[in-house]
Amino acid sequence: MSNAVSALGHASFDGFAKVREIGPIGMISLRAKADLPGLAAAIKAAVGTGVPAQRQIEIAGDKAAGWMSPDEYLLLLPYGETDAALAAIAEALRGQHHLAVTLSDARAVFRIEGAKADQVLAKLSPVDFATLGSKELRRTRAAQVAAAFWKDGDGYTLVCFRSVAAYVMGLLSHSATSGSEIS
Amino acid sequence: MSTRLSKGGRLIDRSAPQEFSFNGKTMRGLAGDTLAAALLANDQMLLGRSFKYHRPRGLVAAGPEEPNAIVGLGRDGRFEPNQRVTTTELFDGLEAASQNHWPTLEFDVGVINNTLSRFLPGGFYYKTFMWPRAAWKHVFEPIIRRSAGLGKAPTARDADRYEYTYSFCDVLILGGGIAGLQAALVAGASGARVMLLEQSAHWGGRAPVDGDVIEGKPAEVWINSAVQTLAALENVAMRLRTMGAGVYDHGYVLAEEKIADTTPGDGRPKHRLWRIRTAQIVTATGAIERPLSFAGNDIPGVMLAGSVREYVVNYAVSPGDRTVVVTNNDDAYRTAIALVQAGLAVPCIVDARASVTGDLPAKARAMGIRVETGKAIAKVKGGKRVTGVSLCVQAGEGAVLEEISCDAVAMSGGWSPVVHLWSHCGGKLIWDKTRAHFRPDASRPPTGQDGLAMVVPVGNANGAMTAAEALICGAKGGAAAAEAAGFKAEAKAAVAEAAPEADMEAVWIMPQGAGPALKAKMWLDYQNDVKVSDVQLAAREGYTSVEHTKRYTTLGMATDQGKLSNINGLAVLADALHEEIPQVGTTTFRPPYAPVTLGALAGESRGDIFQPLRKTPMHAWHEKNHAYFEPVGLWRRPYTFPRAGENHEQAVHREVLNTRTNLGLLDASTLGKIIVKGPDAGRFLDMLYTGVMSSLPVGKCRYGLMCSEQGFLSDDGVVARIDEDTWLCHTTSGGADRIHAWMEDWLQCEWWDWQVYTANVTEQLAQVAVVGPNARRVLEKLGGMDVSKETLPFMQWADGTLGGFPARVYRISFSGELSYEVAVPASMGLAFWEALHAAGAEFGAMVYGTEALHIMRAEKGFIMIGDETDGTIIPQDLNLGWAISKKKADFLGKRGQERNYLASPDRWKLAGFETLDGSVIQDGAYIPSAGKNANGQGNTQGRVTSTYFSPTLKKGIAMGLIKGGMDRLGDVVEFTTITGGVVKAKVVDPVFYDKDGEKNNV
């Protein structure tokens, strides 16, 4: 079997911040109501975190669970572990109405790193970085396409659709070009 | 002569000379100059020609209100037309060229219009070009287009880069003069997040030029300390060279920041567009001085008094050795005083007021400056430069009392608050009779989503015209904005020395009884050549609305948008209509406040990132293999893969024939794929599709149609039953997001209690159509799962592996051939695609594109959403009644289709067509029928929807809609051709190829 490859083969760009395409990262879209019995156990079993509160992301090592909407969660985990996680979710939510599906390959993932990483994103997304929570998963847009990001370590992790990976890489590189620092 | 003074100039650096060129002539300026100041210092007063009469024009102002001095800047990829020299900072190597003249600025042929000006009255364009109609397109418009437009559009690609930035704050202050600074100090101290923007390169505005004294010291000292205080506050952001361009709903503001104008090519963005969301906006935008309307007020050398003062104080540039000041207010005396203090001559201050008693006039008189009260300028003398003025009494008709020689005239008709940004979002104005200007009406502000005021005007922009008033107003406004944003603020203002000014006198025409000859030389709008006589003519011709008069005379419609001319123009109109000024009102203030570069509005969106192009995992392979792409939504799909020496048609035909005889491979990854799961999923899909999906057995596929509520066909695709409560719905490539949203709309808004979840997995999977007689052989060679006819018959699917790739294989066909669609994870899509090509080589594997796909489906009579449908077609029109359940109580579109118009037997229906001569019917052709309709147009009875040359059948084939549909089989009808002829075609079965489906049944 062939290896899974990310959309851009780990393209990177060095400007006043560093932009890297990473991945593929395992991702599961879990749709369930917040009060569904067994939900907490399912998320715990899949990625080892609690149920994220509204607009939050719970990170535990290389796994995480993010709140996407009142009935949707984004589970992040190593690429090869999605089948096991899906099985664990199915077990925990047996007989309960839910939908869990792997979307690892539907996405592209970027890291934007450096002291001014927020300035790269501020040029593309209508997001108030001064009020962005340290554990906030922000669903927004990057210029003309849907995107989501959160702060992690010394930078941000951004997720978008795979088909527009080259466009988003272009946006991030343009915005991170040295000399275009906002402040 | 205008020249550089030997001393002074608060903004220039005499140790840093800068070289620049104007119309190819090398000139020298100083760091800190605006281009306007540098041109004046080089005695370059003549800077352009007016639009209509090509009259010589020079500098009038010193800020964004400048109507005359607009030039082309730079060259090639950095050429910019219509740039105001007053807002252009000088830099070494700057290149400028004047506009709207031929052959040269000094000698211009178009000036002939000036002599003919009595034949070019207001409304000239409306009157002249109404008739004959054809003349507009062929005669007038081309001529006007050549002579019109002051600047030339750039022809080279913009060499610069631009970007956006999104920003948020509690209080956004537009304008960094003393009122804006004071507002920022108060709002900043409250803890609110404050953003302070100033359009120019310097803080403090006009206060230092006016000689204001704040807290007992020159204004500059207080300004510097205020800027330092603000810079130290973490919650305050400040930006120079950033102009608030527009105020929009809910505290949304656009601002343009100039970053690299003076350092072209340094790699930084040229401009940045700020998109700011704020709770409160403070407009500290200052005021603009008004010209006075006297004959010859457009001759180069006639300038605004405040601007003359600004050039002297800020740049040590004198507009002339002898400057006559003409005014209706005290403020202009500051100019006379500043000129004399700089060692220049002011032969006379001409004041229209009969009695002049204020402090400033007293000071001027004490300095020995001659003041003539109750007087006016009858006429300015000179052509390309002022040579003198003749004086008369303001109350009279212009009989000349005296002539004074001078080389500059400084005029002041009073000051108009800059109310643009207050007005953009609905703020109303009141007329201040004492100061003869419109200012913001605090009782009718622009309101936010809570119905409360979202803009607070301060300083000059609010009619607080003295430094003392402006600081108090700024403090109060800053506090009000901070409190409205939820902070506690104290409106503590710095104290400025009071400099009382006597009342001005409204003067709209000078002298007040001027006759037609003088009024025809009194310019209101310099750039568009609109005079007092033009506005009065419009009034006589019945134009009573200021908005109509504006368009009829073109007053205020030039690139300066009437910053100088509007108030004077509407005052003249009011006078002509015998109405009060507030009754006539203003024209509408619309963003942007001053022109914003298109590049900034486009931001990052150009070149490779102009718009998102969606790419499948195999896209790079397609590029490498010379695909010719076509847009499908935002996807780029290969239309065909031409080989050396082939045109597109030949390539497409090769792809079709190879697929029909050997093996074709198509990248079908763009196909929409939506998972629908839950206890109510079957019921849900039965409502969405016209057919029954709940009864589909696990492991099987069924073709389905989706309709809008009105019954019109919206999308189609194959549905697969995955397990007991899970289905996978294929949609068209362009329809995936729309159909997913359609599903969520019904689930979230209408059937919110149904237990159904959906997930759009389109991009999770790469999908390949493996098509043709050798399709099974290549899959068997890859191996890993049984794809035989017995195990995987038509319209079934199976999971397994192929060549080591995890795969879901659907036995479906859109071509009529033996066909499999194989879905693998997108991250392995390219590897799988290459494995298929490698394994398929011995079976004649060849990639094909969307055009071959279209032809093959048309040969089989399969409809295509967007070809056979256009939003007005119901499935019954396409003979798809078989896919509509008769048993179901309801589905989306059922009710709509029962309406008598859609149920009518007279509707055009699908049939196939073959021309008698084998030719291809033209795209878009109609089938005419006898007679004419109520509009006198020829009747029609049908039209073509898909038409191709079939490489398989070696003739033209088509599908189309025709009244009577398949009942017309065998009829010969005529299709139109683009050249007006017709082509005969027979109505046939739309299934042209393999009617019995034997090719697929193997």
- Degrees separating the helix B:736-745 axis from the principal Cα axis of chain B, which is the longest one: 80 degrees
- Query: Rounded to the nearest 5, what % of the DSSP beta bridges within chain B are antiparallel ones?
  - Reply: 75 percent
- Label-point gap, in nm, between residue B:741 and residue B:92 - each point 7 angstrom along Cα→Cβ: 5.4 nm
- Query: For chain B, what's the relative contact order in percent, using C-alpha pairs closer than 8 Å and at least 6 residues apart?
  - Reply: 9 percent
- Message: Using the crude model of +1 on Lys and Arg Cβ and -1 on Asp and Glu Cβ, and no other charge, please compute the dipole size for the protein assembly as shown relative to its Cα centre, in debye to 20.
- Response: 1700 debye
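Average partner chain C-beta neighbours within 10 Å, per residue of A:171-182?
Details: counts 6, 1, 2, 11, 6, 0, 5, 2, 8, 10, 1, 8.
Counting other chains' Cβ atoms within 10 Å and averaging over A:171-182 gives 5.
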- Extension gain residue B:799-residue B:751, at 0.36 nm per residue separation less the Cα-Cα distance, in nm? 14.1 nm
- Burial order of peptide ranges A:31-41, B:284-294 (average beta-carbon count within 10 Å, highest first): B:284-294, A:31-41
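So if R0 is 60 Å, what FRET efficiency would residue B:266 and residue B:887 give, r being the distance between their Cβ atoms, rounded to the nearest 0.05? All intermediate terms of the calculation are to be shown ahead of the outcome.
Numbers: r = 73 Å, r/R0 = 1.21.
Efficiency, from the Cβ-Cβ distance: 0.25.
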- Message: How large is the Rg to Rh ratio of chain B when both quantities use alpha carbon positions and Rh follows Kirkwood?
- Response: 1.11
- Message: Run the numbers for residue B:512 and residue B:632: contour at 0.36 nm per residue of separation, minus the present Cα-Cα distance, in nm.
- Response: 36.4 nm
- Note on the structure: Counting other chain Cβ atoms within 10 Å of each Cβ in B:593-605 and taking the mean gives 1
- Taking only the alpha carbons of the range B:233-291, the radius of gyration and the largest Cα-Cα distance, Dmax, both in angstrom, are 14.2, 42
- Task: Starting with the highest mean, order B:452-458, B:963-969 by the number of other Cβ atoms within 10 Å, averaged over the residues of each peptide.
- Result: B:452-458, B:963-969
- Task: Let me see the pair-distance distribution of the range A:35-160: every alpha carbon pair, 10 Å bin width, integer percents in order.
- Result: 12, 44, 31, 12, 1
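When a/c is below 1.5 the answer is rounded, else prolate if a/b is larger than b/c, else oblate, so apply that to the range B:858-997 with a ≥ b ≥ c taken from the square roots of the Cα gyration tensor eigenvalues. Don't skip to the end; give the middle numbers.
On the way: a/c = 2.23, a/b = 1.26, b/c = 1.77.
Oblate, because a/c is 1.5 or more while a/b does not exceed b/c.
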- Table column - 3J(HN,Hα) (Hz), the range A:29-38, Karplus curve with 6.51, -1.76, 1.60, x for Gly and Pro: 8, 10, 10, 6, 6, 4, 9, 5, x, x
- Given 37 °C, 0.692 mPa s and a Kirkwood radius over Cα pairs, the Stokes-Einstein diffusion coefficient of the protein assembly as shown in µm²/s is 94 µm²/s
- Message: Please report Rg (one decimal) and Dmax (integer) in Å for the Cα set of the range B:185-241.
- Response: 11.9, 32
- Note on the structure: Site residue A:183, offset 7 angstrom along Cα→Cβ, radius 13 Å on amide nitrogen, limited to the range B:223-237, gives B:230-237
- Query: Ordered by packing density, taken as the mean number of other Cβ atoms within 10 Å over each peptide's residues, highest first, how do B:158-170, B:695-707, B:559-571, B:499-511 rank?
  - Reply: B:559-571, B:158-170, B:499-511, B:695-707
- Given a Förster distance of 45 Å, the FRET efficiency implied by the Cβ-Cβ spacing of residue B:989 and residue B:248, rounded to the nearest 0.05, works out to 0.15
- Note on the structure: Rounded to the nearest 10, the angle in degrees between the Cα long axis of helix B:829-840 and the longest principal axis of the Cα atoms of chain B comes to 40 degrees
- Message: Please state the shape class of the range B:536-626: rounded when a/c is under 1.5, otherwise prolate if a/b exceeds b/c and oblate if not, all from the C-alpha gyration tensor.
- Response: prolate
- Task: Using the Cα centre as the reference, give the magnitude of the dipole from point charges on the C-beta atoms of chain B (Lys, Arg: +1; Asp, Glu: -1; all else neutral), rounded to the nearest 20 debye.
- Result: 1660 debye
- Note on the structure: Where a ≥ b ≥ c are root eigenvalues of the Cα gyration tensor, a/c under 1.5 meaning rounded, otherwise prolate if a/b exceeds b/c and oblate otherwise, the range B:516-584 counts as oblate
- Task: Any chance you could give the angle, 0 to 90 degrees and rounded to 10, that helix B:178-189 forms with the longest Cα principal axis of chain B?
- Result: 60 degrees
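Treating only the Cβ atoms of Lys and Arg (+1) and Asp and Glu (-1) as charged, compute the dipole magnitude of the range B:517-638 about its Cα centre; round to the nearest 20 debye. Please list the in-between numbers first.
On the way: 14 positive and 13 negative charges, 121 e Å.
Here the size comes out at about 580 debye.
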- Please give the average number of partner chain Cβ atoms lying within 10 Å of the Cβ of each residue in A:103-110, rounded to a whole number. 5
- Query: Beyond 18 Å, what share of the Cα-Cα pairs of the range B:672-763 remains, rounded to the nearest whole percent?
  - Reply: 36 percent
- Hz values of 3J(HN,Hα) by residue in the range B:716-727 - Karplus curve (6.51, -1.76, 1.60), Gly and Pro given as x: 9, x, 8, 9, 10, 8, 8, 8, 3, 10, 10, 10
- Query: Farthest toward the dipole's positive end in the protein assembly as shown, which of B:378, B:818, B:470, given Cβ charges of +1 (Lys, Arg) and -1 (Asp, Glu) about the Cα centre?
  - Reply: B:378
- Inter-label distance, nm, simple model (7 Å from Cα along the C-beta direction), residue B:625/residue B:601: 4.3 nm
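Past 31 Å, Cα to Cα, is the threshold; run B:615/B:955; B:7/B:521; B:384/B:550; B:270/B:428 against it and keep the listed order. Kindly include the intermediate steps, with their values, before the conclusion.
On the way: B:615/B:955 35 Å; B:7/B:521 37 Å; B:384/B:550 28 Å; B:270/B:428 35 Å.
Where the Cα-Cα span goes over 31 Å, the pairs concerned are B:615/B:955; B:7/B:521; B:270/B:428.
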- Query: Given labels modelled 7 Å from the Cα in the Cβ direction, how far is it in nm from residue B:277 to residue B:23?
  - Reply: 5.1 nm
- Message: Using only DSSP helix segments of four residues or longer, with each worth -39500 (n - 2.57), what per-residue ellipticity at 222 nm results for the protein assembly as shown after dividing by its residue count and rounding to 500?
- Response: -6000 deg cm²/dmol
- Note on the structure: Residues of the range B:748-780 with backbone N under 13 Å of the label point set 7 Å from the Cα of residue A:71 along Cα→Cβ are B:748-759
- Note on the structure: Once amide hydrogens are built 1.01 Å from N within the peptide plane, the residues lying 5 or more places from residue B:719 or on another chain with amide H under 5 Å from its amide H are B:702, B:703, B:704, B:730
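Values in this text are rule-based calculations from the coordinates and carry no lab data. The structure presented is a predicted model; accordingly, all values stated were derived computationally and were not measured. No Cβ is skipped: glycine too gets one built from the backbone with ideal geometry, and neighbour counts run over all protein chains shown.
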